[in-house]
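Encoded as structure tokens, the structure appears first; notes follow it.
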Amino acid sequence: MPQIITEENLRNLIDLLVKESKVVVGPKETGSVVLYQPLTAGSDLRLDSLPRRSAKELFFPICENILTYQRQDGKMQVTDVDRSHFPETVLIGAPPCDAASPAILDAVFSWDYNDEFYLERRRKSTIVGIACTKGDDACFCTAVGLARDTEAGSDLFLTPLKDGSYGCKAVTEKGKALVDAHAALFGEAASVDAALFVEQGTEKLDLAKIKNWLEGHFEDPLWEKIADICVGCGSCAFICPACHCFDINDEGSTEQGSRRKHWDACGFSKFTNHASGHNPRDVQNKRYRNRIMHKFKYYDDKFGKTLCTGCGRCVRACPVGIDIAEILSTINAKQD
Amino acid sequence: MCQSKNIYLPNLATIEAIVDETPDVRTLRLVFQDDQVRENFSFRAGQFAEYSAFGAGESTFCIASAPTRKGYIECCFRSVGRVTESLRRLEVGDSIGVRGPYGNSFPIEQFYGKSLVFIAGGIALPPLRTVIWNCLDLRDKFKDITIVYGARSEADLVYKRELAEWQERDDVRLVKCVDPGGNGPDFDGKVGFVPNVLEEAAPSSENAVALVCGPPIMIKFTLPVLERLGFADDQIYTTLENRMKCGVGKCGRCNVGNVYVCKDGPVFTAGEVKAMSQEF
């Protein structure tokens, strides 16, 4: 029998989780924008707007300490960051385009060497995804293989129903555990036929065909055409749920301080600059080409996954109006 | 605090010796402070490490000493940026951080029984110096060893004392050169660019491998010379010196196409390099 949770009980669930000292993160109005923020009560949850920034920073913070160092009695000491204190976290209200990204990023952060900063947060997180009922002009999740009701990446998946409640499906053991621990809040429905889907989204792209074109068109006038307007501001990467490039720098003196990992972007002009001054990606078209290649070819070559969830944030954020979905459609339409 | 390994945590090493190779190139000899790390640390020629000057950050260099020389490692760097300037300010006895070894290596066992031709330019001798000493320490396993090394000027030649040592040996052929105009009146090497000097030295390609390391422009003009000398793509090895940060295939900085230089490299054959998207 399908399970449901009423809107009121969904908010009650958040209240209960907060009482249990879990960190609950979800879309919340913050100033003039909606962002993924810690929720202090169920009433904080806003489900009518895609948060301005993606949920990846929950697992991969904008900036975090990876060690501290201190000179004591003339001897340097390096101290690890205590990751055992990373809190149990429930991400609630992530649409498929955001819920899918951690599952994609798991591959790079656990490839050969394990990045425990990312992986420990993943282990301690439960993702409650929610089917998306309304996209906007920039959304293109359906074009890159997701759907408004893609459960991939979610532990528990909610489907908005016409009566205002939500159909629930435990996708993983973590999701089942969350439901079992708060069984009183969940009810049984005769059916969830009343699921609320209003849009099918944009037309599906042939990702294999796009990848194939990229393989044969490393040098193509297309890249220069885009570079005419790209300003290399990095907004697209910072706001993307799947971009994961980072830098490592020290903050502090030679005596005491911390080493920090922080977001970086392949669109920045110095990203690949060698100490000698030689820069393999010395102009913007090479940098933007790398962005597209990484998302739709290199990541797939290496990990068998597309590094894009079609959330559309890069389209909305680009100060010069570069539309990645439009570029992909252009490539998709090419014959050779 | 019981937790899984932090891959970004360096081991501490003490600077045991400092040698100024040129006015802006310096070699540091490093000894790990922890007894167990010192005993267990091993690497292969061609691998690199991340070296940190606390307060400034980390920089990537190859391990310049030979894996056959135990108890210490050496790195060699030019002062060009914030981290290298900070490394340069450190003195004997100071601590630095070392993460590694990372990346692949030169397949030295596959070179047994062959002649070796080393070709290096400027500050790119250190990545080959590790192999040169590794092979000289196993001298019986190889046939002829030729080293062609050039720099812009006499002052820019690194490891001058070792060049003198190689020059003295009768089981090594060293051809040292500087660019035209970079030679003093007493310079005892050749005057000319590395590719030209290599062509003139004409080492045999028969049962030989060539190891090339240098600035992109030198490599670009050296590969055709090696081809003319009869070296096939799979007889030529080089290292890609891409900008790296994490060293472990996460930060997304060093890729050439779908190749992560830090994990799949930095050592590649000329054939492998030619197959890559030309973005290095």
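Restricting things to alpha carbons, tell me how big chain B is in terms of Rg and Dmax, in Å.
Radius of gyration, then largest Cα-Cα span, for chain B: 18.5, 64 Å.
By per-residue mean of other Cβ atoms within 10 Å, what is the highest-first order of A:152-158, B:91-97, A:297-303, B:139-145?
Highest to lowest by the protection proxy: A:152-158, A:297-303, B:91-97, B:139-145.
For labels at A:ALA333 and A:THR30 in the simple 7 Å Cα→Cβ model, what's the distance in nm?
So the two model labels end up 3.9 nm from each other.
What number do you get for region A:187-336 when its Cα radius of gyration is normalised by 2.2 N^0.38 Å, N = residues?
1.31
If the cut-off is a Cα-Cα distance under 17 Å, which lysines reach A:LYS302, setting aside same-chain residues fewer than 8 apart in sequence?
A:LYS211, B:LYS250, B:LYS263
For region A:210-271, state which trypsin sites (Lys or Arg not before Pro) are in a DSSP loop and have at most 13 other beta carbons lying within 10 Å of their beta carbon.
Here the sparse-neighbourhood loop sites are A:LYS270.
Within 10 Å of each Cβ in A:78-86, how many Cβ atoms from other chains are there, averaged over the peptide?
Going residue by residue through A:78-86 and averaging, the value is 4.
Sorted by packing (mean other beta-carbon atoms within 10 Å per residue), highest first, where do A:304-315, B:4-15 land?
Order by mean packing, descending: A:304-315, B:4-15.
What total accessible area, in Å², is buried where chains B and A meet, using a 1.4 Å probe and rounding to the nearest 100? Intermediate values should be presented prior to the final figure.
Values: alone 13180 and 16640 Å², together 25630 Å².
Roughly 4200 Å².
With a 10 Å radius around each residue's Cβ, average the other Cβ atoms per peptide and rank A:85-95, A:214-224, B:19-29, highest first.
Ranked by mean Cβ neighbours within 10 Å, highest first: A:85-95, B:19-29, A:214-224.
Straight-line reach from B:LYS5: which aspartates and glutamates fall under 18 Å, measuring Cα to Cα and dropping same-chain residues less than 8 apart?
By straight Cα distance, B:LYS5 reaches A:GLU64, A:ASP80, A:ASP82, A:ASP106, A:ASP112, A:ASP115, A:GLU116, A:GLU120, B:ASP34, B:GLU50.
If I take the Cα coordinates of the protein assembly as shown and project them onto the principal axes, what are the three extents in Å, biggest first?
The Cα atoms of the protein assembly as shown stretch 92, 66, 41 Å along their principal axes.
Determine the shielding of peptide A:264-271 by partner chains: average, over its residues, the number of Cβ atoms on other chains within 10 angstrom of each Cβ.
Mean inter-chain Cβ contacts per residue within 10 Å come to 2.
Enter the accessible area per residue of chain A (Å², integer; probe 1.4 Å; all protein chains in place).
Result: 44 Å² of accessible area for each residue.
Keeping all protein chains in place, calculate the accessible area per residue for region B:11-102 (probe 1.4 angstrom), answer in Å². Show your work: numbers first, answer last.
Working: 3490 Å² over 92 residues.
Counting only protein heavy atoms, the per-residue value for region B:11-102 is 38 Å².
Could you work out the helix-only [θ] at 222 nm for the protein assembly as shown, with each DSSP H run of four or more residues adding -39,500 (n - 2.57) and the total divided by the number of residues, to the nearest 500 deg cm²/dmol?
-7000 deg cm²/dmol
Using only atoms on other chains, find how many Cβ atoms lie within 10 Å of each Cβ of peptide A:272-283 and report the average.
Mean partner shielding for this stretch: 5.
With each pseudo-label sitting 7 Å past Cα toward Cβ, what's the A:SER49-B:GLU85 distance in nm, one decimal?
Label-label distance for A:SER49 and B:GLU85, simple model: 4.5 nm.
I'd like the FRET efficiency for B:ILE217 and A:ILE62, computed as 1/(1 + (r/R0)^6) with the beta carbon distance as r and R0 of 41 Å, rounded to 0.05.
Details: r = 38 Å, r/R0 = 0.94.
Result of the calculation: an efficiency of 0.60.
Give A:LYS204/A:LYS225; A:LYS176/A:LYS261; A:LYS270/B:LYS190; A:LYS22/A:LYS295; A:LYS124/A:LYS204; A:LYS28/A:LYS305 a once-over and call out the pairs whose C-alpha atoms are over 26 Å from each other.
Distance filter (> 26 Å) returns A:LYS176/A:LYS261; A:LYS270/B:LYS190; A:LYS22/A:LYS295; A:LYS124/A:LYS204; A:LYS28/A:LYS305.
Multiply the residue gap between A:ASP112 and A:GLU20 by 0.36 nm, knock off their C-alpha separation, and tell me the result in nm, one decimal place.
Between A:ASP112 and A:GLU20, full extension yields an extra 29.6 nm.
Tell me the Rg and the Dmax, in Å, that the Cα atoms of region B:1-125 produce.
Just the Cα atoms of region B:1-125 yield Rg and Dmax of 15.3, 52 Å.
What FRET efficiency comes out for the pair A:LYS204/A:GLU8, r = Cβ-Cβ distance, R0 = 35 Å, nearest 0.05?
About 0.40, to the nearest 0.05.
What whole-number value in Å² describes the accessible area per residue of region B:108-239 for a 1.4 Å probe? Working shown, then result.
Values: 5640 Å² over 132 residues.
Spelled out: the 1.4 Å probe surface of region B:108-239, per residue, equals 43 Å².
Starting from the Cα-Cα distance between B:LEU9 and B:ARG152, subtract it from 0.36 nm times their residue separation and give me the gain in nm to one decimal.
Going from the current span to full extension adds 47.7 nm.
If each residue of separation counts as 0.36 nm, what is the full-extension length gain between B:GLU162 and B:ASP144 once their alpha-carbon separation is subtracted?
Taking B:GLU162 through B:ASP144 to full extension adds about 4.7 nm, to one decimal.
How would chain A be classified by its alpha-carbon gyration tensor: rounded, prolate or oblate, with rounded meaning a/c under 1.5 and the a/b versus b/c comparison settling the rest?
oblate
Quote the relative contact order of region A:207-333 in percent (integer), defining contacts as alpha-carbon pairs under 8 Å separated by 6+ residues.
Taking the mean separation of contacting Cα pairs over the length of region A:207-333, I get 31 percent.
Can you give me the % of accessible surface on region B:108-239 that is carbon or sulfur? Probe 1.4 Å, all protein chains present, nothing else counted.
50
Using a 10 angstrom cutoff on alpha carbons, build the Gaussian network for chain B and name the most mobile of B:ALA201, B:ALA210, B:ALA66.
With Cα springs under 10 Å in chain B, the top fluctuation among B:ALA201, B:ALA210, B:ALA66 is at B:ALA201.
List residues of region A:89-104, by number, whose backbone nitrogen lies under 19 Å from a label position 7 Å along Cα→C-beta of A:ALA152.
A:94-104, by backbone N distance to the label point.
The values are calculated or read from the model by the stated rules, or taken from the named source; none is laboratory data. This structure is a prediction, so every number in the text was calculated from the model and none was measured. Using ideal geometry, Cβ is built from the backbone for each residue, glycine included, and neighbour counts are taken over all protein chains shown. Accessible surface areas use protein heavy atoms only, side chains included; no ligands, DNA or RNA. Shrake-Rupley method; radii C 1.70, N 1.55, O 1.52, S 1.80 Å.
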